[in-house]
Amino acid sequence: MMGPVNTEVVRRPRVARETRLLFTVALLAAVALWALARLRFPDSVPVGQMVPPILAPFVVRQGFSALESQLAEVSTRTAPSLEAVATGGPDRAAAAGRTRHIAALRLRDDVAVVLPDPAEGLALDGAAAVIVHDAVTGLAVLRLTPGPAAPIAQAWPRRDPMLSRYVMQTMASAAGTSLAPVVVGALTPTEAPLWSGALWVPNTDSQLAPGAFLFTPEGEWIGLVVRHHDGLAIAPAELVSRLAERRLSRAGQSAVSLGIEVQAVTPALADVLGHATGVAVTWVAPDGPARATLRVADVLHAADGRPLPTIEHWHRHLADLGTNPTVLTVWRGGQSTEVPVTPVAVPVFTASPASPPPAPPTARRVFGVTARRVVGVGAAITTVQPRSVAETADLRVGDVITHFGTISAPTPAQVRMLAAAAPLGHSLLVAVTRDGAYHLTVITP
């Protein structure tokens, strides 16, 4: 007889569940790290195996000596296109004991652009002169001594904002210009009517300096650091060049004006004027070119067929204005009409009314203010009662009411009667002159 057969199967030891879980987590972490590395460093060159690319973007590829060598190479390449220009003027520089310099970038052998601090201006010697100046951006186009026969800096070809990386920023001194590496974060495009295009706004604080030019590590011109609202932005090279060429095309032309002052349409003004976008006329020069076609409280919502959604669009339109008539689209009395206005060379009229005559011996109390008559101009406010309707409307001592309701150049008596006759809660439009500027406001008696 045969003995019993052993049917027991020899089983291999199984991998513990915890071990499998550990390997799975490690694999997922490696894949996630690789994906993050590709997103964070898109310019890194992948290699044949998977493991090296995971860690390669985090490896410091060059030391300080290599960075210094690259910086010197880029500085040598961009030096012919840069020029150090003094700012502040000789008097201010002498008072401060030193002269500050800023870089100017050559667009051609003898033409350069520079963005000085508005509070400093430029202190140019005989070798440099301002050809034309853009009033709304502050950009100045200079005539310089022709530079060496070398290529002018080429604009960075990309038109979309770059991802996080370091760039080269210009620095200037009496000895000349130099470059310094600066790290910038991701950039967000934002429309800037004053520059007629989109600026790039960094999403993080950086060491960018207003007026500095930025270059790639390969020496391509990225753009110009400019002030934008309460922060800084980068005006792309293409935008700066286009604005400079546009201003150069009108070099030598006299400054022109339409003889009006405007302000943005606020929600309160929109309720009264009946139009939510555009700029509201606050003053029309009595001897200016628009005296027969425009009125205080008109809303200008387009110019030469282009909309004027903000006050910045209006300032850009004025800066680009030539001597040819401009067609303004005007909202008045619930209707929109087009009126041509021919600019005139400055100065032809004064931008501020004549000085008020001496106050008459009597004054009248008007909806919380004491006012005196200014013949042919309006009513000058001498006192404002606290917590009055006038104070709520931000009327101040020294303001001259030039338009009240439907009356231009009102007397204190007319202002008082109109304010008293206005229905409860009915808003009245008020135009005032303050420190040489013109404002519109709304009061509700």
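Every read-out reported here was derived from the displayed coordinates using simple, explicitly stated rules and does not represent laboratory data. Predicted model only: the values in this text are computed from it and were never measured. Here Cβ is always computed from backbone atoms with ideal geometry, including for glycine, and neighbour counts include all displayed protein chains.
Extending 7 Å from the Cα toward the beta-carbon at both Glu68 and Ala26 defines two label points whose distance is 4.2 nm. At full extension, His426 and Asp117 could sit 106.7 nm farther apart than now, given 0.36 nm per residue minus the alpha carbon distance. Over what distance in Å are the Cα centres of segment 312-326 and segment 208-248 separated? What the calculation gives is 23 Å, centre to centre. The slack in the chain from Thr99 to Val182, taken as 0.36 nm per residue of separation less the alpha-carbon distance, amounts to 27.5 nm. Over segment 165-243, the fraction of Cα-Cα pairs per 10 Å bin, rounded to whole percents and listed from the shortest bin up, is 19, 54, 25, 2.
Projecting label points 7 angstrom from Cα along Cα→Cβ for Arg143 and Arg295 puts them 4.8 nm apart.
A convex hull fitted to the Cα coordinates of segment 215-322 yields 139 cubic angstrom per residue.
Simple spin-label estimate for Arg434 and Thr190 gives 2.6 nm between the two label positions (7 Å along the Cα-to-Cβ direction from each Cα). Across segment 206-319, C-alpha contacts under 8 Å between residues 6 or more apart give a mean separation that, scaled by the residue count, equals a relative contact order of 16 percent.
Computed over the alpha-carbon atoms, segment 364-443 gives an Rg to Rh ratio of 0.91, Rh here being the Kirkwood radius from the mean inverse distance. In plain terms, the chain from Ala270 to Ser388 could stretch by 40.2 nm, reckoned as 0.36 nm per residue minus the Cα-Cα distance.
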